[in-house]
Amino acid sequence: MSSNEKFHHALVVDDNKCIRCTHCIKTCPTEAIRMVNGKVEIREERCVDCGQCMRVCPHKAISIEQDDLVQIENYRFKVLLIPSVFIGQFPYAYTEDQIYRSLLKLGFTHVYEVEQPIEVLKTLIRREIRENKSNLPVISSFCPAVVRLIRIKYPAFTEQIMRVKAPHDLVAHYILENFKKQGVSPDDVGFFYVTPCAAKITAVKSPIGEEVSIINGVINSNHLYNKAMSVIEKVDELDVEPFKKELTKEGIQWSLTHGETWWQRAKTISVDGIHNAIRFLERMENGQVSGFDFLELRACDRSCAGGVLLSQNRFLVVERLKMRARLYPASSVKMEAEGYGRFSGLEPLAVTDEIKPRPLMLYGSDTFKALEKMERARNIMCHLPGIDCAACGAPTCRALAEDMVNGLAKMSDCIFIQQQWQNQGKVSPQKAFQKMEKKWGENRFDPDCTKKGAKDESF
Amino acid sequence: MVKLRYEIEGGNFDLAGGASSQVKKVLKQLNIDPVLIKKIVVAMYEGEVNIVAHAYKGQIEVQIFPDRVEMKLTDEGPGIPDVEAAMKEGFSTASQRVREMGFGAGMGLPNMKKNTDELRIETEVGKGTTLIMTKYLAYE
Ligand SMILES: Nc1ncnc2c1ncn2[C@@H]1O[C@H](COP(=O)(O)OP(=O)(O)OP(=O)(O)O)[C@@H](O)[C@H]1O
Ligand code: SF4
Ligand code: SF4
Ligand SMILES: [Mg+2]
């Protein structure tokens, strides 16, 4: 059974900024983007929110929605949850404490890094491996883009995905439990999560395997970074140690590549970068990978250090976090000293419901009809030139052929076919040009000096 | 009916498995039961590797019908002198070089038989081998 819930998406295209260059169309790992009537269209059922399109867009026309910061005023306790990679954004000159204080200065009452208390996640991972001996490897649920990729393209692996929530959910529950112990009403506490990427926003807005998220608002990392930098010189000397009580070596490095694996005794493997992840899953599906207990897959190169909403160089972020990690105790050592008992109540809160596959059926779910369509698409491919130029608005000739049999495109969308038809006198040059303008927008082919490499690069 | 065709180069282990992987992608798009896909792909993979490991060159033709998948693997190669023996688990004439690459357990043909509904072998020593496998898509 596949679930029918609608995917929420965080990526938005600004039609005014877009120059219709097809970079995004060609880079999308799930072929989710098309040019339709002069506009870039992201097909929801295919998009996994990996953010690759945003990365390659030369005109910054793709952005990520976020919540309004003023809504923090609705809560008495304004809790900011930052991923540890956020600390890595700042110049080394600013100490960790200064960074925490700058965030308090912005109006938050509490600031926590999300990757704590990490021992709960470690325990759940170990247990999952132990209890799933017949269906290994267990696949990490950490990166929401990867989870979605598996659900649509590798549905058979869906049941191997860990049914455990993301660190930001876990830490929010942990903090909320502590508030409750002090007699604070949960309604007075607002949680605001700073996201390094589009995928994590989507995971908050339409969480997989739970009804609603405990997070009340999402703030983009680059946005908050600019705000923090504007006040960082003016911070008050507040004690921020209480926010870092459960920070550990493992936690600080959790979102980096190997973060979920380096401390394990089980046989693990870590793969980062969405194209690498796809290649690996393909191999696994072919039966060419075996013997692993745990698989960590992350959509970004260098995992969250390479998140699309971070501006600092990813290698420098990794370096800073590694340096920081040295100064913090190992989670296991901490547990020996302080015990794990105080966290056991968190375990049930960290587990999600079943994650359902949502296979992407290119030609519909009826095998008989799909076979017919596929045959037609393959015949069409004999006629298309195989240049994969994307001038038709689809990423490849094959994708155009698929769109055609699904009634979403026409043979005349191919500019080379058009040219051929003109040559054979089947269509007038005027008519052919009109078609192009329809696809790419009116005046698209008029001279325009605002583009990379032209006179005006100031967009 | 969808027809697919692949040329296979003998001795090139680098590319071995490429055709089966491609067929897997196609079958997935047709919403065929993943369990059946797995069996078809395993059988085809073994056949593909056999051409690479034991023959000089060959080709694979796959036909997908609404109710079944047919795979025809044809090669130019030494042929199989004793088919009955070759079908036995553990029987292998694989060279040392092939064994070093992790093949040659003598499990390929038995696996093909196990994972398909029909397996027909026509072979002529010194000329080559043709293998026809059929898997029915009847829903279990
Ligand atoms: N296409 C072929 N041409 C010539 N001989 C073949 C061919 N396919 C199989 N054989 C012979 O049949 C034997 C058994 O094949 P089978 O695939 O079962 O095992 P294998 O290829 O030796 O090892 P494995 O498949 O386990 O790696 C081979 O060792 C080879 O002698
Ligand atoms: S990459 Fe090009 S086509 Fe895509 S949104 Fe940016 S400007 Fe538009
Ligand atoms: S690797 Fe991290 S930053 Fe990148 S998409 Fe996944 S969760 Fe987001
Ligand atoms: Mg073999």
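The values are calculated or read from the model by the stated rules, or taken from the named source; none is laboratory data. Predicted model, so just to flag it, every value in this text is computed and none were measured. All Cβ positions, even for glycine, are placed from backbone atoms using ideal geometry, and neighbour counts span all protein chains on display. When the accessible area is computed, the model is the full protein with side chains, heavy atoms only, and any ligands, DNA or RNA have been set aside. Shrake-Rupley method; radii C 1.70, N 1.55, O 1.52, S 1.80 Å.
Matching residues to (1) modelled with pLDDT of 95 or more; (2) within 11 Å of ligand 1 (Cβ to nearest atom):
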site: B:Gln63; (1), (2): yes, no
site: B:Pro66; (1), (2): no, no
site: B:Asp75; (1), (2): yes, yes
site: B:Pro78; (1), (2): yes, yes
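Please state which one of A:Met284, A:Met323, A:Met335 is within 14 Å of chain B (Cβ to nearest Cβ) and hydrophobic (A, V, I, L, M, F, W, C).
Just one listed residue meets the conditions, A:Met284.
If you take the residues of the stretch A:21-46 that are open to solvent by 50 Å² or more (accessible area, probe 1.4 Å) and either within 14 Å of chain B (Cβ to nearest Cβ) or in contact with a strand residue (DSSP E or B) (Cβ under 8 Å, 6 or more places away or on another chain) (or both), which of them is nearest to ligand 4 (Cβ to nearest atom)?
Per the criteria, the residue is A:Glu41.
Among the listed residues A:Phe108, A:Phe192, identify the single one that is touching a Lys or Arg at 6+ places or on another chain (Cβ under 8 Å), more than 18 Å from A:Gln264 (Cβ to Cβ), assigned to a loop (DSSP other than H, G, I, E, B) and aromatic (Phe, Trp, Tyr).
A:Phe108
Please specify each residue of the stretch B:24-41 satisfying the condition of being more than 7 Å from chain A (Cβ to nearest Cβ) and open to solvent by 20 Å² or more (accessible area, probe 1.4 Å).
B:Lys25, B:Lys28, B:Asp33, B:Val35, B:Lys38, B:Lys39
Please determine, by comparing only the residues of the stretch A:195-219 that are open to solvent by less than 10 Å² (accessible area, probe 1.4 Å) and outside any helix (DSSP H, G or I), which one is nearest to ligand 4 (Cβ to nearest atom).
Once the filter is applied, the top-ranked residue is A:Pro196.
Find the residue count for the stretch A:369-406, including only residues that are within 13 Å of A:Arg34 (Cβ to Cβ) and out of contact with any Cys (no Cβ under 7 Å at 6 or more places or on another chain).
Looking only at that region, the number is 10.
Residue check: is B:Met101 farther than 29 Å from A:Leu371 by Cα, within 14 Å of chain A (Cβ to nearest Cβ) and either open to solvent by 70 Å² or more (accessible area, probe 1.4 Å) or more than 16 Å from ligand 4 (Cβ to nearest atom) (or both)?
In short, yes.
Could you figure out which of (1) among the hydroxyl-bearing types (Ser, Thr, Tyr); (2) away from ligand 1 (no atom under 11 Å from the Cβ); (3) not in a strand (DSSP E or B) isn't true of B:Ser92?
B:Ser92 satisfies all of (1) among the hydroxyl-bearing types (Ser, Thr, Tyr); (2) away from ligand 1 (no atom under 11 Å from the Cβ); (3) not in a strand (DSSP E or B) except (2).
Restricting the search to the stretch B:42-75, which residues are among the hydrophobic types (A, V, I, L, M, F, W, C), more than 14 Å from chain A (Cβ to nearest Cβ) and either open to solvent by 40 Å² or more (accessible area, probe 1.4 Å) or in a helix (DSSP H, G or I) (or both)?
Within the stretch B:42-75, B:Ile51, B:Val52, B:Ala53 qualify.
In the stretch A:349-391, how many residues are within 9 Å of another protein chain (Cβ to nearest Cβ) and of a type in the set (Val, Ile, Thr)?
Number of matching residues: 1.
Say we look at the stretch B:104-127 and pick out the residues that are under 14 Å from B:Ala53 (Cβ atoms) and open to solvent by 50 Å² or more (accessible area, probe 1.4 Å); which of these is nearest to the chain's Cα centre (by Cα)?
B:Met107
Exactly one condition in (1) assigned to a loop (DSSP other than H, G, I, E, B); (2) under 30 Å from A:Gly107 (Cα atoms); (3) within 14 Å of ligand 2 (Cβ to nearest atom) is false for A:His59; which is it?
All conditions pass for A:His59, except number (2).
Identify all residues within the stretch B:50-84 that are more than 26 Å from B:Glu100 (Cα to Cα) and among the charged types (D, E, K, R); write none if there are none.
Of everything in the stretch B:50-84, those that are more than 26 Å from B:Glu100 (Cα to Cα) and among the charged types (D, E, K, R) turn out to be B:Glu61, B:Asp67, B:Arg68, B:Glu70, B:Lys72.
May I ask you to list pairs of residues, at least six apart or on different chains, whose Cβ atoms are under 6 Å apart, with the first in the stretch A:52-74 being over 22 Å from A:Ala454 (Cα atoms) and more than 14 Å from chain B (Cβ to nearest Cβ) and the second being within 15 Å of ligand 2 (Cβ to nearest atom) and among the polar types (S, T, N, Q)?
Listed pairs, sorted by first residue: A:Gln52/A:Thr27.
Out of A:Ala401, A:Ala409, report the one residue that is touching a helix residue (DSSP H, G or I) at 6+ places or on another chain (Cβ under 7 Å), within 14 Å of chain B (Cβ to nearest Cβ), farther than 30 Å from A:His173 by Cα and open to solvent by less than 60 Å² (accessible area, probe 1.4 Å).
Exactly one residue qualifies, and that residue is A:Ala401.
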